[in-house]
1. Please specify each residue of the stretch 221-239 satisfying the condition of being touching a residue at least 60 places away in the same chain (Cβ under 8 Å) and either small (Gly, Ala, Ser) or touching a Phe, Trp or Tyr at 6+ places or on another chain (Cβ under 6 Å) (or both).
2. For residues in the stretch 289-312 being over 31 Å from the mean Cα position of the chain (by Cα) and farther than 21 Å from Gly237 by Cβ, which is modelled with the lowest pLDDT?
3. Determine whether the stretch 113-125 contains at least one residue that is farther than 22 Å from Gly277 by Cα, assigned to a strand (DSSP E or B) and under 19 Å from the mean Cα position of the chain (by Cα).
4. Restricting attention to the stretch 164-187, which residues are part of a loop (DSSP other than H, G, I, E, B) and either within 19 Å of Glu84 (Cβ to Cβ) or open to solvent by less than 70 Å² (accessible area, probe 1.4 Å) (or both)?
5. Taking Ala255, is it farther than 21 Å from Ser184 by Cβ, surrounded by fewer than 16 Cβ atoms within 10 Å (Cβ to Cβ), in contact (Cβ under 8 Å) with a residue 40 or more places away in the chain and not acidic (Asp, Glu)?
6. Which of (1) over 19 Å from Arg198 (Cα atoms); (2) open to solvent by 70 Å² or more (accessible area, probe 1.4 Å); (3) out of contact with any helix residue (DSSP H, G or I) (no Cβ under 7 Å at 6 or more places or on another chain) does Arg217 not meet, given it meets every other one?
7. Take Val195 and tell me if it is touching a residue at least 60 places away in the same chain (Cβ under 8 Å), open to solvent by less than 30 Å² (accessible area, probe 1.4 Å) and touching a strand residue (DSSP E or B) at 6+ places or on another chain (Cβ under 7 Å).
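The values are calculated or read from the model by the stated rules, or taken from the named source; none is laboratory data. All values derive from a computational prediction rather than experimental measurement. Backbone-built Cβ (ideal geometry, glycine too); neighbour counts: all protein chains shown. These area figures cover heavy atoms from the full protein model, side chains too; ligands, DNA and RNA do not enter into them. Shrake-Rupley method; radii C 1.70, N 1.55, O 1.52, S 1.80 Å.
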Amino acid sequence: MAANNRRMSGKKGAQVGSGGQRRRGLEGKGPTPPAEMRKGHKKNRIATAKAKQAARRPVARGRGGKSASEMVVGRNPVVEALREGVPATTLYVQQFIDNDERVREALQLAAERGGINLMEAPRPELDRMTNGLNHQGLVLQVPPYEYAHPEDLLDAAADGGEDPLVVALDGVTDPRNLGAVVRSVSAFGGHGVVVPERRSAGMTAGAWKTSAGTAARTPVARATNLTRTLEQYKKAGVAVVGLAADGEVELGELAALDGPVVIVVGSEGRGLSRLVGETCDFRVRIPMPGGAESLNAGVAAGIVLYEAARRRA
């Protein structure tokens, strides 16, 4: 009887379910990743080797007219940078990364744009490249920005048979303000933006993003000494107009906007520095009936650029 019971116990009865694992195993897993992302593929091995070499190589530093290269890290920042057309050379993707919709979109955007290398790298390599930042498995390398020379902006105006319309930023350190100014200069037909080499915002990925793509066609020049550059502009016949809350001239009364002009915008808190303020031909105030003490640098530049464009139309 005991033997019979043992035989009966081997019969199929109530079993623990698979929990849907077999069914999920039959579901699609999305589009096939590119060859560089497929483990074991020749292109994947090449890309991994290149990624390791790049991670050990020091970040290239620009000389003269170039800034330093930059890394955009994190899934959302990388996707947003690719959406906004921020220049990029390489998209690094962590090995065995969870393939969510942001990762898929980043890969798709990089592939659609073309010219962006896709490289798979182990997590320790990405940790070293980003100095331990929370990269979430995605890192986008932005190439060094090539700055124009301040004289190039005057040359561009002369080539177009136009009076120069330039904006110079004095002590503006937020890249988003720089990007906003670049966008306004492009919108109102200006010829470029001048920033100091030191203690100033540069053309980072954040500035590119805020410019909404206009940085690709609006040059940004870097001045070793902003005061000296403004003096050279004056010698070339360009009026230097500084924006100041206590300016002696109101914007609507300034005749200089009709001709060649460089508009100097200071920081929101301190305004124009002393030497730059003394170099200006005119210190202009924007009337604000609402009683605000100051305007954001990007907004202030946009108002004056609009007034200059209106008079030149």
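1. So the first thing to find is which residues in the stretch 221-239 are touching a residue at least 60 places away in the same chain (Cβ under 8 Å), and the list is 221-223, 229-230, 232-233, 236, 238.
Result: Ala221, Arg222, Ala223, Ala236.
2. Checked the stretch 289-312; the qualifying residue modelled with the lowest pLDDT is Gly291.
3. Quick first cut of the stretch 113-125, residues farther than 22 Å from Gly277 by Cα only: 113-125.
Still in the running and assigned to a strand (DSSP E or B): 117-121.
When the remaining residues are screened for being under 19 Å from the mean Cα position of the chain (by Cα), the result is 117.
Yes; the residues of the stretch 113-125 include at least one that is farther than 22 Å from Gly277 by Cα, assigned to a strand (DSSP E or B) and under 19 Å from the mean Cα position of the chain (by Cα).
4. Within the stretch 164-187, the first condition is being part of a loop (DSSP other than H, G, I, E, B), and the residues that meet it are 164, 171-174.
Once the filter is applied, which keeps residues that are part of a loop (DSSP other than H, G, I, E, B) and either within 19 Å of Glu84 (Cβ to Cβ) or open to solvent by less than 70 Å² (accessible area, probe 1.4 Å) (or both), the stretch 164-187 yields Pro164, Gly171, Val172, Asp174.
5. On the way: farther than 21 Å from Ser184 by Cβ: yes; surrounded by fewer than 16 Cβ atoms within 10 Å (Cβ to Cβ): yes; in contact (Cβ under 8 Å) with a residue 40 or more places away in the chain: no; not acidic (Asp, Glu): yes.
When the stated conditions are applied, Ala255 does not pass them.
6. (3)
7. Working: touching a residue at least 60 places away in the same chain (Cβ under 8 Å): no; open to solvent by less than 30 Å² (accessible area, probe 1.4 Å): yes; touching a strand residue (DSSP E or B) at 6+ places or on another chain (Cβ under 7 Å): yes.
No: the conditions fail for Val195.
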